[in-house]
Each structure stands twice: as structure tokens, then as C-alpha cells.
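The structure appears below as C-alpha cells.
The values are calculated or read from the model by the stated rules, or taken from the named source; none is laboratory data. The structure displayed is predicted, hence computed values, not measured ones. Reconstructed Cβ throughout: ideal geometry from the backbone, glycine too, with neighbour counts over all protein chains shown. Keep in mind that these areas ignore ligands, DNA and RNA; they rest on the heavy atoms of the full protein, side chains included. Shrake-Rupley method; radii C 1.70, N 1.55, O 1.52, S 1.80 Å.
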Amino acid sequence: TVVRVKVETAVDTGELTIHTTVRNNSDSEAELAISHRVREWRSDAARGASESATVSIAPGETQTLVQTLQVASPRIWQLDDPFLYVLDTQLHAGDETVDDRATRFGIRHVEWRAGEGKGFYLNGEKIFLRGSNFSLHRFFEDELAGNLAWNEDWVRRLYTSYPREYQWNTFRTSIGRMPNFWYHIADEEGF
């Protein structure tokens, strides 16, 4: 079973470092092959593939395999160009595909710097964070809110109407986590 896939990106080279954690849920040792393919999220255009790597795992054991993959003609995720890719991971036992996972990501580098020049940096550029807060728990206190928190069209409008008008580039969540699709939409809209 694919437990998790973590994609680390190198903005300057377009190289991906992929950490794939797999688990053998069977009663016997398994020899598993892991392969990856990168495609553009919107167009599905292929942008690279890894060589298959094999790992032997004892029953009930979990292992993490690290592989690298080069993205052809990489496009960097930016606030004004939130370009996304998908990493398709397949786990094979012999000729059979036993699990797969799609992981969406952007090629970007994020860091907080302290001291001289302190602040938030995206792809090496200092970005001043401007925005507001989402407190989903408090949202539920409003009787008029209904089921809007689960309406993707409403959430997308929320991310694109006021923020563009006020030149916001961030939202902070508090008092609980948002539904996952809120984060996906933020990623798509450049937040």
C-alpha cells in the first residue's frame, strides 16, 4: 500500500525529490516496484517519468524510498501564475499494479527568514503577506451560512472576489481546519 508521497521541488533545476512511503499489508515478504510519472495538472501533458525502483518489504513493515525525477521545461508556481503538476505514483507487485496515488504540487520554494531581510520568501523573492482570516467554526454560528462551506463554487468566489479587489495574497485559518478542497482551491488561485 502507498502510505504517503512527499514531493520536494528544486526551483532552479526543476528536479523533484520524491519520498514514497509504502507498507506491506500481506502475510509474506513482498518485492514491490515503485514508479512515478509527472504531468501538467490542467492539460495532462507528460513532463517526466522515473525509473522503476524495487524494494523488498517484510510483512507489516513500512519503508520510505527516495527517488529523483527531472521535470521537462519546468514552470514555477507563482502568486500570479499558480501552475500545478500531478505526480502519478504506481506500486507494482510483479506485473500487477497493487496501488496508485496522484499527488498535486507546484514547483516552488517557500521560506521564512530571520534577522536582516526577515520575512516570507517565495522562490527567493520577499513577499509581503496581505489578507484576512477564516474561522470556519465561527462561520457555522451564522444561521444564514447554511452549507456554503461545502459549496466549491462559493469558496472559489470567496478566494477570487474580495482578495483581488483588495490585493490580498493570503488567508490565515483559525479555530479549526478547513475542508481539504479549500486548500486545493487556494493552490489553484495563487494563495
Just to be sure I understand, how many residues within segment 76-101 are of a type in the set (D, E, K, R) and within 15 Å of the chain's Cα centre (by Cα)? 2
Single residue of segment 50-71 satisfying the filter (among the hydrophobic types (A, V, I, L, M, F, W, C) and in contact with a Ser or Thr (Cβ under 7 Å, 6 or more places away or on another chain)) that is most open to solvent (accessible area, probe 1.4 Å): Val66
If I filter segment 30-43 for residues that are part of a loop (DSSP other than H, G, I, E, B), open to solvent by 20 Å² or more (accessible area, probe 1.4 Å), within 26 Å of Glu188 (Cα to Cα) and free of Cβ contacts under 8 Å to residues at least 40 places away in the same chain, do I get at least one hit? yes
Those residues that are more than 19 Å from the chain's Cα centre (by Cα) and either assigned to a strand (DSSP E or B) or surrounded by 11 or more Cβ atoms within 10 Å (Cβ to Cβ) (or both), I need them from segment 121-136; list them, please. Glu125, Lys126, Ile127, Leu129, Arg130, Gly131, Ser132, Asn133, Phe134, Ser135, Leu136
Taking segment 145-190 as the region of interest, how many residues are farther than 18 Å from Ser135 by Cβ and either of a type in the set (Ser, Thr, Tyr) or in contact (Cβ under 8 Å) with a residue 60 or more places away in the chain (or both)? 9
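Residues checked against (1) out of contact with any Pro (no Cβ under 9 Å at 6 or more places or on another chain); (2) of a type in the set (S, T, N, Q); (3) more than 22 Å from Pro82 (Cα to Cα); (4) open to solvent by less than 40 Å² (accessible area, probe 1.4 Å):
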{"position": "Glu141", "(1), (2), (3), (4)": "yes, no, yes, no"}
{"position": "Leu148", "(1), (2), (3), (4)": "yes, no, yes, no"}
{"position": "Glu152", "(1), (2), (3), (4)": "yes, no, no, no"}
{"position": "Arg156", "(1), (2), (3), (4)": "yes, no, no, no"}
{"position": "Pro163", "(1), (2), (3), (4)": "yes, no, no, yes"}
{"position": "Trp168", "(1), (2), (3), (4)": "yes, no, no, no"}
{"position": "Gly176", "(1), (2), (3), (4)": "yes, no, yes, no"}
{"position": "Pro179", "(1), (2), (3), (4)": "yes, no, no, yes"}
For Ala93, state whether it is among the small types (Gly, Ala, Ser), touching a residue at least 40 places away in the same chain (Cβ under 8 Å) and surrounded by 17 or more Cβ atoms within 10 Å (Cβ to Cβ). no
Quick one: is Val98 farther than 23 Å from Phe181 by Cα, among the β-branched types (Val, Ile, Thr) and either open to solvent by less than 70 Å² (accessible area, probe 1.4 Å) or not in a loop (DSSP other than H, G, I, E, B) (or both)? yes
